[in-house]
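Input: a single structure, listed below in structure tokens.
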Amino acid sequence: MKKLVALIASVILLATASLPASAADVYFDPNVQYYNMDGSGTLFLWGIPEANGNALLANPDYGWPTETAIAAWYATILKAQELNLRVVISYNPVNFEIWYVARPRP
């Protein structure tokens, strides 16, 4: 019986330890907050209070996000700025990597 309890406990521990990181979602207003891209195609988003002064970033060097995805996100941010809207940014709160940029919304 003790072996069964130990086995169940170890399975639960392993299952919870291997859960993926949860995402954080924030609104990004390009008319108020700052964004830029560097020469290598990395997108930086600045001025997000939840990031504690760090930039959220999307770097194409690691395979995801791709350069095409970053270009589409950048275009979405530009469109939101043009329409005086904001976008929802989903990112990893541990390393501040952007996971996606949602469509512009009021």
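The gain in end-to-end length when the Val88 to Asp38 segment is fully stretched comes to 15.8 nm, 0.36 nm per residue minus the alpha carbon separation. The distance between label points at Ala23 and Trp99 comes to 0.5 nm (points 7 Å beyond Cα on the Cα→Cβ vector).
Grab the Cα-Cα distance for Asn31 and Asn52, subtract it from 0.36 nm times how many residues apart they are, and report the gain in nm with one decimal.
On the way: separation 21, 0.36 × 21 = 7.56 nm, distance 1.96 nm.
5.6 nm is the gain from fully extending Asn31 to Asn52.
FYI, it's all coordinate maths here, none of it is from the lab. Keep in mind that what you see is a predicted model, and the values were worked out from it rather than measured. A quick note on method: Cβ atoms are made from the backbone with ideal geometry, for glycine too, and the neighbour counts reach across all protein chains shown.
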